[in-house]
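Only one structure is covered here, and it is reproduced in the block below.
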Amino acid sequence: MAEERLIDDDLNKDKKYRIRKNAAGEDELYIDETPDVENDTLDAVLFEVPELSEDDEDAAVLTPEQLAAREDARRREEEQKRLIAEECLAKAGALYAQGDFDGAMYNLNTAENTVGRNGEIISLKTKVVTRRFTDFSRYDDCAACADAIYFCCTPEQKSELLSLSAPLESEINKLEEKAAELHAEVETKKSERRAVFGKERAKSVKWFSFTVVPFIACLIVAIAYGSVMFAKQDGTNLIVAIVFAALALVFFVATLISSHKMWSAMRKYSLNEKNSSTRIGREYESLISDVKKLKNLLSAIKS
């Protein structure tokens, strides 16, 4: 009865009851208050398994230890790249200060190829490309810097570049003035040629009409008489058909010649309206493109 009272008094679904031998050698119930030890805590975590990308097919065949080792190697490689980039960037800064722009650019390109673009690299590269904002003739490089500045440079880095950009604005204004002068010259020459080519085109159209109309007329007559050339026994229809067929052939040749001249005249008139068809026009287009690249650079710096 004592054991039953013990059980009744201490009955609790959350308690654990065990059986043990008492001092008299009899079995008795007791409450085991030893806390449960989770199985997960028994396994010591010896390494951290890295997060895996869904596209990482190699991970499926690697053990956790191998994955951890691979991640560690990757971190060491990234650290090595960072150190190389920092060294190249430091060299580039020193060479830039000495005026060795080619050497500075080589080191900047090495740093960029190692760790990718960043604001520090692009900021210095812009200074190198523009020769401390004194030479803007490397228009394609300026355009490349402009694209990178938008996405890589911090407001502080852009502000530094902006403080140096006064010569850039001056260069843009100078090129725009030159472009305006070239545009006026291009349009003047176009107008002069337009008058000449316009007359040539009108003349060629007229000669084409003078040949194609008789050709069509003679061809119709030749076909008409040719269809009834044996209607008369004296052969009159046959003779007429042959004569007009010969005339149609002559006018056909003349039409081919006149059509070629007309096509050539129209092509000249059309090409005259394109800037790319003349040296001065191409020079104007190139200048406009260069101005646009420098404007993009200035806009990126001010963004």
Spot the failing condition for R201; the list is (1) under 25 Å from L108 (Cβ atoms); (2) buried (at least 19 other Cβ atoms within 10 Å of the Cβ), and only one is missed.
(1)
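When only residues in the stretch 276-286 that are of a type outside the set (V, I, T) and surrounded by fewer than 18 Cβ atoms within 10 Å (Cβ to Cβ) count, which is farthest from V186 (Cα to Cα)? Spell out how you get there, then give the answer.
Quick first cut of the stretch 276-286, residues of a type outside the set (V, I, T) only: 276-277, 279, 281-286.
Add one more test, that the residue is surrounded by fewer than 18 Cβ atoms within 10 Å (Cβ to Cβ), and what stays is 276-277, 279, 282-283, 285-286.
On the way: S276: 11, S277: 11, R279: 10, R282: 10, E283: 10, E285: 10, S286: 13 Å.
In this case the residue turns out to be S286.
Of these, C88, C145, which one is in contact (Cβ under 8 Å) with a residue 24 or more places away in the chain, closer than 13 Å to A300 by Cβ, outside any loop (DSSP other than H, G, I, E, B) and hydrophobic (A, V, I, L, M, F, W, C)?
On the way: C88 fails: closer than 13 Å to A300 by Cβ.
Just a single option satisfies the conditions, and that option is C145.
Within the stretch 144-157, is there a residue that is charged (D, E, K, R) and under 23 Å from D102 (Cα atoms)? It would help to see each step written out before you state the result.
Here is the first cut: in the stretch 144-157, the residues charged (D, E, K, R) are 147, 156.
Pick out the ones that are also under 23 Å from D102 (Cα atoms) and you get 147.
For the stretch 144-157, residues charged (D, E, K, R) and under 23 Å from D102 (Cα atoms): present.
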Considering only residues of the stretch 79-137 that are among the aromatic types (F, W, Y) and farther than 26 Å from S289 by Cα, which is surrounded by the most Cβ atoms within 10 Å (Cβ to Cβ)?
Y96
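Every read-out reported here was derived from the displayed coordinates using simple, explicitly stated rules and does not represent laboratory data. Predicted model, so just to flag it, every value in this text is computed and none were measured. Cβ sites come from the backbone with ideal geometry, for glycine too, and all protein chains shown count toward neighbours.
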